[in-house]
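Heads up, the thing below is written out as structure tokens.
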Amino acid sequence: MNRALTLIRRRLIGGIFVLLIVVIGTFLLLETAPGDAVDAYIASTGGDAGMIELLRHRWGLDQSVLTRLANYLWALLHLDLGQSVTFSRPIRDVILERLPNTLLLMGSATALSFGLGSALGIYAGARPGSVRDRFLSIGSLALYAVPGFWLGLVLIIVFAVDLRWFPIGGIESIASGKTGLDRAVDIARHLVLPVSALGFIYLALYLRMMRAGMAEVWRQDFVLAARAKGLSRRRIVLAHVARNALLPLVTMLGLQSAQMLGGSVVIESVFSVPGLGRLAQEAVAARDIPLLLGIILVSAVMVIVINLLVDIAYAVLDPRVGASEASA
Amino acid sequence: MTVLLSVRDLTVTYRRDGSEVAALKHISIDVAAGERVAIIGESGSGKSTLALAIAGLLPQSSRIEGRIDWPGRNHAPIGGRDIGFVFQDPSASLDPVMAVGKQIAEVAHTHLGLGWSAAYAKAKTLLERVRLPDPDVALRAYPHQLSGGQKQRVAIAAAIAAGPKLLIADEATSALDTIVQAEIAALIRQLVAEDGMTLLFVSHDIALAAELAERIAVFRHGDLVEIGTTAQVVNTPRNAYTRALLDAHLGLDAGPMPWRTGTPA
Amino acid sequence: MNPLRRFLGTPEAVAGAIILIALFAMALTAPLIFPGDPQAIAGPALLPPFQDWLLPLGTDRLGRDVTAELFHGARTSLAVGLAAAAAALVIGAVVGTLAGFAGGLVDEVLMRVTDAFQTVPSFLLALAFVSIVGPSLGVVVAAIALGAWTGPARVARAEVLSIRERDFVASARVIGMHPLEIAFREVLPNALPPVLALSSVIVAAAILTEAALSFLGLGDPNRVTWGGMIAEGRAVLRTAPFLSIVPGIALVLTVLGVYLAGEGVVETTAVRRSLS
């Protein structure tokens, strides 16, 4: 487990640097945007010009850019993201309230796309060049070309409007008073369409990667050796070819997490899921820039954490990770 | 003498970019049960193609004409169970992300009908047989943690795990350095003797082949140019090409031979 | 073999090329076939498709001609997609070349910045950028490019790292060329092919991002966009689903065409390189 610990430490240090750059970036964007925190506060609570001057001074907004950046960093260290004009509440609280829904949506979509995508990729890649391989290859390319929000609308038209199988939007039935398992089932029913809309595009991506990876692995000597050992085709495909082809997919899982967070903005808007993405759109509509930048910061932290988890998973799956450094 | 394997008029053609290349041309050769035969040739001579053809491992894009018969058995031999195959480069022929114990055990599991724990126990005794130090640790090791010679020992253990009648070693020593090469050759000789296996030793190294084999077959450009007992081929070669191979080797005993730089086909 | 003939030899590439040619034809002929303002009212509201031959795809909620909007939308999609991808490739190639050629601290800083851009969801970044600066065609292009240059930068850097040790770079140093001149006149052109191989993926992603931005109402308000049309149709999703479906199909076909043609080009050039 030592090599994993070394890796995590190195990644954490890198993550802190990256986060610092992101913070400086959001600070600069915040500076560019018209209005400041005092305008936001006054807009939500009311107050006169004297009050504005006083607050500007007290919050240090009349100081130099560098001092303000330092103050901004200091506030962030205390997990203070500022005040939201739209919600008249601390941005941190608003975000924390929405975060679970987004995590649920993303987690489910990732499970669907990774699980089904790699399974179909194995099915296609088990017999390269076969009819099913070509069919799945072209089908996945077509699916990959579909914009998620439009897929969401089509799913709504078919499964919510016409067939009435699933609710049209939201995360759970309003004021249904459901608890426990009933509530979980209700939420699951609400999630089917948004998870499909978000997950299907990545499903296509993982399918294609798995298929391409397997095509690569089939050419390796150890697969010929596995054939020479007389192993069953099933065992060759699953234990050797797919097992090796899975590794780049796991890396992709981390790389795609940022993209998926971006994708959930539109999907949550289409399905009215009260999550982080929908919050971002509300922030844009209300021109609540500090809230929007707060969401970006939290997203960056999420992406860093997800990548860390993916790195750990990779270290578990690939015994070679960190080996060269350990021996060097 | 019972004939284990009989190759008759075998021609193998590869298709590459629309053109056809004949890798083997009308080859006929018999191998007796328990015999040790060396297949000698430079890269591109077709010697590896013959090994792959016998093991049934040629790519689908290749065309095979002629016959490979196994007199005295009712069905075609099964890879792993009836034929053990050792490849040239153990770094490439072992799965990098599977523990070596499992790579041996999966052969025993598949062909001997053993459960996984029995297959692992078998793998451990095999690791002892190929004289890998500390077999208990080695079982759980991954290929990148072993040296080249150790990896080839693992590959040999996997090849003989199901007790095959025929062991094919395709340039099994040429990716290793000279001292390890001799050790692996000695190991192969010992295992073949202990288990009474038939050995097909494919190599470009005529000296090494002469140490291991009772008979030597010399290949060139897909043709079998000469076959005979080791003594006869080495002492009184009938073919000029065989003589050239011998001369080249005698002149450069310890150093690499001029054709060793190319990768064998 | 002639590369064009090899390209036309794969059915997928041909399909992609046909789609793209049709798309460019739509974009170029839009002002000729539909010279007026595509956002002007052209007939009764919510006319279904295939009813009136003058309005073959019907009209939207406000009675605007869907066919005209579709043609003009093709212009926006292509313009934004190509411009954003070009900008992303240029930024990426420059940053990657500087990082790879300079090495040391410059490399370290530039790659950390690249990491930071990859950590922030690019769509959120685009959203923030457009809502702070204000929606217009140029801003949308910049916003998309802002999140798309990191891939080309990484590829360019990796390529430059391998090229900078070659002989012609050393000889350029010996004759006293300025390092920046070596980087951009000797190294960069040689590092370009693998960077350009990314272009189809980047163009496709840019088209999809533009559509998503306009779907959320952050496109240029003075232009017809397919994303905006889909958002418009959403209000009447139950009664007139075709209003959302038609522009969506146009989007899917466009992106698919870019992928297919791109794959065909990459495959053709890859074969040629492996043969030479």
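The chymotrypsin sites (Phe, Trp or Tyr not before Pro) of region A:137-240 that meet both conditions, a loop assignment by DSSP and at most 13 other Cβ atoms within 10 Å of the site Cβ, are A:Trp165. Find which of B:Ala92, C:Phe24, B:Val154 sits farthest along the positive direction of the dipole of the protein assembly as shown, computed with +1 on the beta-carbon of Lys and Arg, -1 on that of Asp and Glu, about the Cα centre. Looking along the dipole axis, the top candidate is B:Val154. The Kirkwood hydrodynamic radius of region C:14-143, based on inverse pair distances between different Cα atoms, is 18.0 Å.
With a Förster radius of 41 Å applied to the C-beta separation of B:His26 and C:Val106, the computed FRET efficiency comes to 0.05. At an R0 of 25 angstrom, the distance between the Cβ atoms of C:Leu4 and A:Ala212 translates into a FRET efficiency of 0.45. Sorted from greatest to least, the principal axis extents spanned by the alpha carbons of chain A come out as 85, 62, 37 Å. Among the listed pairs B:Lys25/B:Lys151; B:Lys47/B:Lys124; B:Lys102/B:Lys165, those whose Cα-Cα separation exceeds 25 Å are B:Lys25/B:Lys151; B:Lys47/B:Lys124. Relative to the longest principal axis of the Cα atoms of chain A, helix A:131-144 runs at roughly 10 degrees. Working from label points 7 Å from Cα in the Cα-to-Cβ sense, the B:Ala186 to B:Ala92 distance is 2.9 nm. When the trypsin sites (Lys or Arg not before Pro) in region A:181-225 are filtered for DSSP coil states and for at most 15 other beta-carbon atoms within 10 Å of their beta-carbon, the remaining sites are A:Arg219.
According to the Kirkwood relation over distinct C-alpha pairs, the hydrodynamic radius of region B:65-185 is 14.8 Å.
Full extension of the chain segment joining B:Asp195 with B:Asn235 gains 11.4 nm, where the gain is 0.36 nm per residue of separation less the Cα-Cα distance.
When the square roots of the Cα gyration tensor eigenvalues are ordered a ≥ b ≥ c, the ratio a/c for region C:79-260 is 1.5 or more and a/b exceeds b/c, which makes its shape prolate. Ordering A:264-272, A:63-71, B:227-235, C:83-91 by mean Cβ neighbour count within 10 Å, with the highest value first, yields A:264-272, C:83-91, B:227-235, A:63-71. When region B:3-261 is described by a simple charge dipole with +1 on each Lys and Arg Cβ and -1 on each Asp and Glu Cβ, the residue from B:Ile54, B:Trp116, B:Thr178 located farthest towards its positive end is B:Trp116.
Solvent-free Debye calculation, one equal scatterer per alpha-carbon of the protein assembly as shown: log10 I(q)/I(0) at 0.04, 0.09, 0.10 Å⁻¹ equals -0.25, -1.04, -1.18.
Calculated on C-alpha atoms, the gyration radius of region A:189-328 divided by its Kirkwood radius gives an Rg/Rh of 1.12. Taking every Cα-Cα distance in region B:6-62 and sorting them into 10 Å bins starting at zero, the pair-distance distribution P(r) comes out as 20, 55, 21, 4, 0 percent.
3J(HN,Hα) along region A:258-269, derived from phi through the Karplus expression 6.51 cos²θ - 1.76 cosθ + 1.60 where θ = phi - 60°, amounts to 5, 4, 5, 4, x, x, 5, 4, 6, 5, 5, 5 Hz, with x in place of Gly and Pro. Here the peptides C:39-51, C:219-231 are ranked by packing, the mean other Cβ count within 10 Å, and the order with the highest first is C:219-231, C:39-51.
Work out the FRET efficiency for C:Val174 and B:Asp134 from their Cβ-Cβ distance, taking R0 = 45 Å, and round it to the nearest 0.05.
So the FRET efficiency works out to roughly 0.25.
Looking at the calculated P(r) for region B:3-261, what percent of the C-alpha pair distances fall above 26 Å? Roughly 41 percent, rounded to a whole number. For region B:71-164, which trypsin sites (Lys or Arg not before Pro) are both in a DSSP coil and crowded by at most 14 other Cβ atoms within 10 Å? Qualifying residues, ordered by number: B:Arg73, B:Arg131. Note on chain C: with a GNM built from Cα contacts shorter than 10 Å, the maximum mean-square fluctuation among C:Ser77, C:Ser131, C:Ser171 falls on C:Ser171. Between B:Arg63 and A:Met51, the modelled labels are 9.2 nm apart [label points 7 Å from Cα along Cα→Cβ].
Karplus-derived 3J(HN,Hα) values for region B:109-115, using 6.51 cos²θ - 1.76 cosθ + 1.60 with θ = phi - 60°, are 4, 5, 9, 9, x, 8, x Hz; glycine and proline are entered as x. Couplings for region A:228-235, taken from phi via the Karplus curve 6.51 cos²θ - 1.76 cosθ + 1.60 with θ = phi - 60°, read 5, 6, x, 5, 5, 4, 4, 5 Hz in order; Gly and Pro are left as x. Between the alpha-carbon centres of region A:80-108 and region B:181-212 there is a gap of 70 Å. For the pair B:Thr2 and B:Asn74, how long in nm is the line joining their label points, each one 7 Å along Cα→Cβ? The answer from the label model is 1.5 nm. Does region A:135-195 come out rounded, prolate or oblate by the C-alpha gyration tensor, with a ≥ b ≥ c the root eigenvalues, rounded set by a/c under 1.5 and, if not, prolate when a/b is larger than b/c and oblate if not? Cα axes put region A:135-195 in the prolate bin.
Per-residue ellipticity at 222 nm from helix content only, as computed over chain A with -39500 (n - 2.57) for each DSSP H run of at least four residues, stands at -25000 deg cm²/dmol. Positive end of the dipole of region C:79-260 (Cβ unit charges, origin at the Cα centre): among C:Gly92, C:Leu125, C:Gly233, the Cα lying farthest that way belongs to C:Gly233.
FYI, it's all coordinate maths here, none of it is from the lab. Note that this is a predicted model, so its numbers are computed, not measured. Backbone-built Cβ (ideal geometry, glycine too); neighbour counts: all protein chains shown.
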